[in-house]
Amino acid sequence: MTDTPQDMEQVRTALLDAIQLHVPFDGWSETAFRTAIAESGIEPGLARAACPRGAADLAVAYHKRGDDLMVQCLAETDLSDMRFRDLIALAVRFRLEAVEDKECVRRGATLFALPQYGAEGSKLIWGTADRIWTALGDTSEDVNWYTKRASLSAVYGATVLYWLGDDSFDSQPTWDFLDRRIEGVMRFEKAKARVRSNPLLKPLTFGPRMVGSKIKPPHARKPMRMPGFLRSEPAETA
């Protein structure tokens with residue numbers, strides 16, 4: 001009998017709960033992973049099947065758990081009267097406040113700075129930015145889908161690094177830093193809007209805007225009709 005994805009998720013959850021107490025001391029390491037296996041009571045072979053990369057897979061799960069908690073907080077909060085820039089700031093704040101132990105994030109930053117995990121770390125930050133924009137109702141269907149997430153990824157990544165060095169009681173210096181980063185992005189967006197509304201400069205933006213409108217986010221792309229690609233819609237019959 002094979003293990004279902006749900007079973008594997010339960011195993012990762014149990015291992016993640018067990019490893020968190022040891023990460024501040026041993027990092028997201030093999031030592032911490034073996035300790036988590038022993039304390040969780042999970043059969044070692046099953047633990048390795050659920051987490052082929054060991055503690056690195058649990059570090060990914062830890063980050064995604066924080067994303068889930070952030071989205072839950074946003075769903076439970078009345079956002080109707082907030083400015084959009086304040087919504088972004090609140091989402092990032094919820095994401096950081098979802099962290100129970102800052103040292104787990106610091107150890108994760110060290111792990112994802114390694115060459116073999118660098119791409120994974122960038123993907124996780126992008127994923128957090130995507131979760132934020134999606135939770136806030138982003139409906140972009142062109143290049144703006146990418147630029148919004150790229151800008152927020154930069155803001156979020158910089159804020160995390162600042163937060164890791166912030167030893168204040170209420171993290172107020174971090175929230176001030178976050179506001180400054182968002183203000184910088186807003187100034188750039190306002191400058192773009194002024195260029196688009198300027199009668200002399202607007203024609204110069206026609207080409208880039210036309211190209212940008214052709215760039216679609218992953219969910220809006222048409223399926224490729226080529227041999228070797230599965231089609232989601234039923235095949236046409238004669």
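Quick notes on this structure:
- Hey, Glu39 of a type outside the set (Phe, Trp, Tyr) and loosely packed, with under 15 Cβ neighbours inside 10 Å or not: no
- Criterion violated by Gln6 - all others in (1) surrounded by 15 or more Cβ atoms within 10 Å (Cβ to Cβ); (2) modelled with pLDDT under 95 satisfied: (1)
- Where Asp179 falls short, out of the listed (1) open to solvent by 40 Å² or more (accessible area, probe 1.4 Å); (2) charged (D, E, K, R); (3) closer than 20 Å to Lys102 by Cβ: (3)
- Residue match in the range 103-114 (condition: free of Cβ contacts under 8 Å to residues at least 12 places away in the same chain and open to solvent by 50 Å² or more (accessible area, probe 1.4 Å)): yes
- Per this entry, Arg106 is not counted among residues that are among the charged types (D, E, K, R), assigned to a helix (DSSP H, G or I), touching an Asp or Glu at 6+ places or on another chain (Cβ under 6 Å) and under 26 Å from Asp170 (Cβ atoms).
Here's the yes/no breakdown for (1) under 13 Å from the mean Cα position of the chain (by Cα); (2) modelled with pLDDT under 95:
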residue	(1), (2)
Leu111	no, no
Gly121	yes, no
Trp126	yes, no
Gly137	no, yes
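- Arg53 in a loop (DSSP other than H, G, I, E, B) and closer than 16 Å to Leu124 by Cβ: yes
- Each residue in the range 72-99 was checked for being surrounded by 13 or more Cβ atoms within 10 Å (Cβ to Cβ) and either touching a Gly at 6+ places or on another chain (Cβ under 7 Å) or part of a helix (DSSP H, G or I) (or both), and 18 of them qualify.
- Residue, most open to solvent (accessible area, probe 1.4 Å), within the range 122-155, restricted to residues that are in contact (Cβ under 8 Å) with a residue 60 or more places away in the chain and within 15 Å of Phe94 (Cβ to Cβ): Arg131
- Selection status of Ala158, at pLDDT 95 or above, of a type in the set (A, V, I, L, M, F, W, C), open to solvent by less than 40 Å² (accessible area, probe 1.4 Å) and closer than 29 Å to Leu58 by Cα: yes
- Meets criteria (closer than 24 Å to Val92 by Cβ and polar (S, T, N, Q)) for Thr77: yes
The values are calculated or read from the model by the stated rules, or taken from the named source; none is laboratory data. Remember, it's a predicted structure, so these values are computed and weren't measured experimentally. When we count neighbours, we look across all protein chains shown, and the Cβ atoms used for this are built from the backbone with ideal geometry, even at glycine. When the accessible area is computed, the model is the full protein with side chains, heavy atoms only, and any ligands, DNA or RNA have been set aside. Shrake-Rupley method; radii C 1.70, N 1.55, O 1.52, S 1.80 Å.
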